[in-house]
Amino acid sequence: MKKHISFPSIEQFRNIVATVNRQSTFVGLDENGDAIFDNTKTKPTLTFKGTVKLHGTNAGVCYNQNDGIWVQSRTNIITPEQDNAGFAFFVESNKEVFANIFDMIASQNNIGPNDTISIFFEWAGLGIQKNVAISNIKKTAFIIGVKITPHVIDETELKSKPAYWVDFSYLRAPQHDIYNILDFPTYDIEIDFNNPDLSVNQILNLTLQIEENCPVANYFGFNGIGEGLVFSCEYNGVVLRFKSKGDKHAGKSKVKTLKPVDDVKIAKLNDLADKITPEWRLDQMLTTTFDLLNNGDLDIKRLGEFIKNVNNDILKEEIDVIADTGFEFKDVVKFVSEISKNYFLNRYNNI
């Protein structure tokens, strides 16, 4: 039976930070089935690929051997009679082209005869959206992802046969107005999730660059406003996506945009944290917290107590140093705590 298969919502940057924090610190379940997190674990540095975000409408074409081809908007199965901006009519007019694309995907991947292949697109061009350069081109389909949904007999198989994403870089049929978003400029960024704020300005600068002049529209001979970027990365078997948009394309409507980060301020706070958290202070607080002079042992369960003791010692001894910089302790505490945590883990892991 034909079933609508949704393209997932694209998150904000802050949501991805929270997701990676949870995934990277998760260590299991307790006896009640509740998640256990170890916040002492170092978080990963991940490389995200940014692709141009097109201001159009989300669309999909699905296929399996039993049901053949069907067409989707973001929320519904559509037909040429009940269409979404003409996409179903476009697919019907190019049915052989889409059949060939599905054959290519099946041959590139180990697809079962009853598994469903879903190709997701941004359908963009004349009459679909306003205020962006891409709206000047004829209606065109841009491939943005391919998902395989394995056939399951009942819901008990869902966990053992989850849907998954596959490479789509080889798919395109430009002579039929089907393009691949990866054929246009892409933008790689590294995000250190121990300090993700340091990546915000790079993301914002790239977004403003796209907003100023959309490179996809440029390819078709038009200059003007672009919507932004979509960044994606696979981590622990899950594809993470977040969007970064400018606001020019929205007219009077409000869109959620990233706020710039003061790189100079962060650098100064890092320098201040290094200055007021020297190794001798960390050694002293470690010895005091764990009574190392009397053969005490390092206990990772008391890491929070150690960090608190370092912070208290700084508050007692370094208030004037902090005040002279124009900052307050609340400004620098997260940087100090990170130094303390890394120092402890280094000692603990080398016992």
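Observations on the model:
- Taking region 166-199 as the range and being under 13 Å from Ile143 (Cα atoms) and either aromatic (Phe, Trp, Tyr) or not assigned by TED's automatic domain parsing to the domain that holds Asn100 (or both) as the test, the residues that pass are Phe168, Tyr170, Tyr179, Phe184.
- Of all residues making up region 283-301, the number that are farther than 22 Å from Lys41 by Cα and part of a loop (DSSP other than H, G, I, E, B): 3
- The set of residues in region 170-179 being part of a loop (DSSP other than H, G, I, E, B) and out of contact with any Asp or Glu (no Cβ under 9 Å at 6 or more places or on another chain) consists of Tyr170, Leu171, Asp177.
- Cβ-Cβ contacts under 8 Å between residues 6 or more apart (or on different chains), taken from a first residue in region 218-247 that is assigned by TED's automatic domain parsing to the domain that holds Asn131 and of a type in the set (Lys, Arg) to a second residue that is in a loop (DSSP other than H, G, I, E, B) and crowded, with 20+ Cβ neighbours inside 10 Å, are listed as Lys245/Glu227.
- Where Phe98 falls short, out of the listed (1) within 30 Å of Tyr187 (Cβ to Cβ); (2) at pLDDT 95 or above; (3) under 26 Å from the mean Cα position of the chain (by Cα): (3)
- Flag for Leu298 being touching a residue at least 60 places away in the same chain (Cβ under 8 Å), aliphatic (A, V, I, L, M) and either in the same structural domain as Asp197 (by TED's automatic domain parsing) or surrounded by 14 or more Cβ atoms within 10 Å (Cβ to Cβ) (or both): no
- Restricted to strands (runs of 3 or more DSSP E) entirely inside region 1-115, those with at least 1 residues that are within 23 Å of Val238 (Cα to Cα) are 26-29, 35-37, 45-53, 57-64.
- Number of the condition not met by Tyr348 [criteria: (1) part of a helix (DSSP H, G or I); (2) over 31 Å from the mean Cα position of the chain (by Cα); (3) modelled with pLDDT of 90 or more]: (3)
- One residue stands out among those in region 201-249 that are of a type in the set (S, T, N, Q) and in a loop (DSSP other than H, G, I, E, B): the one that is nearest to the chain's Cα centre (by Cα), which is Asn236.
- Residue check for Lys316: free of Cβ contacts under 8 Å to residues at least 12 places away in the same chain and under 29 Å from the mean Cα position of the chain (by Cα): no
- Members of region 228-255 that are touching a strand residue (DSSP E or B) at 6+ places or on another chain (Cβ under 9 Å), at pLDDT 65 or above and within 16 Å of Cys214 (Cβ to Cβ): Gly228, Leu229, Val230, Lys243, Ser244, Lys245, Gly246
- Note on region 262-292: residues that are closer than 14 Å to Glu338 by Cα and hydrophobic (A, V, I, L, M, F, W, C) amount to 6.
- Answer from Leu198, Leu258, Leu182 - the residue that is assigned to a helix (DSSP H, G or I) and either under 30 Å from Gly326 (Cα atoms) or modelled with pLDDT under 95 (or both): Leu198
- Checking Ile181, Ile189 one by one, the residue that is over 30 Å from Ala267 (Cα atoms), touching a Ser or Thr at 6+ places or on another chain (Cβ under 9 Å) and not hydroxyl-bearing (Ser, Thr, Tyr) is Ile181 and no other.
- So Val52, is it β-branched (Val, Ile, Thr) and touching an Asp or Glu at 6+ places or on another chain (Cβ under 9 Å): yes
The values are calculated or read from the model by the stated rules, or taken from the named source; none is laboratory data. Keep in mind it's a predicted model, so treat the numbers as computed, not measured. Cβ: placed from backbone, ideal geometry, glycine included. Neighbour counts: every protein chain shown.
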